[in-house]
């Protein structure tokens, strides 16, 4: 295995910030995660039409804002006018879409770690996204507080070309774990594999752990149903509401 950053991976990561209690992928959600005592968050980054990297999950605005349209067709001035908090609750009215720069400044201020997903939506370039985002991540955050993940293999391949395994921990994102998981991880000098917790099997989990990779699962919100996965060797759960796991999740592995 290549040498990776000395990441003290927590048992629980707040999915899209503390998204059960604040609008996802916002500064407010990350502040809420920090106030609740969580040291790491998972976030999504993609590019606007003008090339600005922003923290956002969907290809469109509809679900999580008061606007409409595709991010690929919008510039920063347009999205700055949107309210991305009122849909979640009146207490978040006036929340604005965070740029990557906004979010990195907050993560640095709060001394938090991040699993940043390169979100490659339909007909967008994962290579272009990685080219813009990865240097900014590496400049802002120490390697011990960063994992970069994506479903998009070209995005991860380009990210790896920009930084070796000692500087950038890469997480291979999958839905079900494919038979080719090991080949994909080896090609990227990956640190971890991230998969849908409902599609993980005990056998596959053992294979991943025996091969020396960290194993993260998204997005469990039922601690009792998830419990056997800890015994299978899962290192970390990325949850909308990590507090559900209080007193249930085992302590982090050293």
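The values are calculated or read from the model by the stated rules, or taken from the named source; none is laboratory data. Values in this document were obtained by computation on a predicted structure and should not be read as measured data. Every residue, glycine among them, receives a Cβ derived from its backbone with ideal geometry; neighbour counts consider all protein chains shown.
Within the stretch 213-230, if we keep just the residues that are assigned to a helix (DSSP H, G or I) and touching a helix residue (DSSP H, G or I) at 6+ places or on another chain (Cβ under 8 Å), the residue that is nearest to residue 3 (Cα to Cα) turns out to be 229.
If only residues of the stretch 1-31 that are outside any loop (DSSP other than H, G, I, E, B) and touching a strand residue (DSSP E or B) at 6+ places or on another chain (Cβ under 7 Å) are counted, the one that is farthest from residue 84 (Cα to Cα) is 12.
The residues of the stretch 199-212 that are part of a loop (DSSP other than H, G, I, E, B), surrounded by fewer than 17 Cβ atoms within 10 Å (Cβ to Cβ) and in contact with a helix residue (DSSP H, G or I) (Cβ under 9 Å, 6 or more places away or on another chain), listed by number, are 201, 211. Against the numbered list (1) assigned to a loop (DSSP other than H, G, I, E, B); (2) buried (at least 19 other Cβ atoms within 10 Å of the Cβ); (3) under 20 Å from the mean Cα position of the chain (by Cα), residue 88 comes up short only at (3). For residue 167, the stated conditions do not hold, so it cannot be described as surrounded by 20 or more Cβ atoms within 10 Å (Cβ to Cβ), under 18 Å from residue 214 (Cα atoms) and modelled with pLDDT of 95 or more.
Applying a threshold of 7 Å to beta carbon distances and a minimum spacing of six or more residues, or different chains, the list of pairs starting in the stretch 26-45 at a residue that is over 20 Å from residue 144 (Cβ atoms) and ending at one that is modelled with pLDDT of 95 or more and part of a helix (DSSP H, G or I) reads 27/102; 27/103; 27/106; 28/92; 36/243.
If you take the residues in the stretch 74-85 that are in contact (Cβ under 8 Å) with a residue 24 or more places away in the chain and in a loop (DSSP other than H, G, I, E, B), which one is surrounded by the most Cβ atoms within 10 Å (Cβ to Cβ)? Checking each candidate, the answer is 84. The set of residues from the stretch 12-39 being within 19 Å of residue 173 (Cβ to Cβ) and touching a helix residue (DSSP H, G or I) at 6+ places or on another chain (Cβ under 8 Å) comprises 12, 13, 14, 16, 17, 19, 24, 25.
Please specify each residue of the stretch 213-233 satisfying the condition of being over 17 Å from residue 14 (Cβ atoms) and under 21 Å from the mean Cα position of the chain (by Cα). Matches in the stretch 213-233: 213, 214, 215, 229, 230, 233.
Here is a yes/no grid of residues against (1) more than 24 Å from residue 8 (Cβ to Cβ); (2) surrounded by fewer than 21 Cβ atoms within 10 Å (Cβ to Cβ):
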{"residue": "92", "(1), (2)": "yes, yes"}
{"residue": "95", "(1), (2)": "yes, no"}
{"residue": "103", "(1), (2)": "no, no"}
{"residue": "108", "(1), (2)": "no, yes"}
{"residue": "115", "(1), (2)": "no, no"}
{"residue": "120", "(1), (2)": "yes, no"}
{"residue": "127", "(1), (2)": "yes, yes"}
{"residue": "132", "(1), (2)": "yes, yes"}
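Of all residues in the stretch 53-73, those being more than 21 Å from residue 149 (Cβ to Cβ) and either buried (at least 20 other Cβ atoms within 10 Å of the Cβ) or in contact with a helix residue (DSSP H, G or I) (Cβ under 9 Å, 6 or more places away or on another chain) (or both) number 6.
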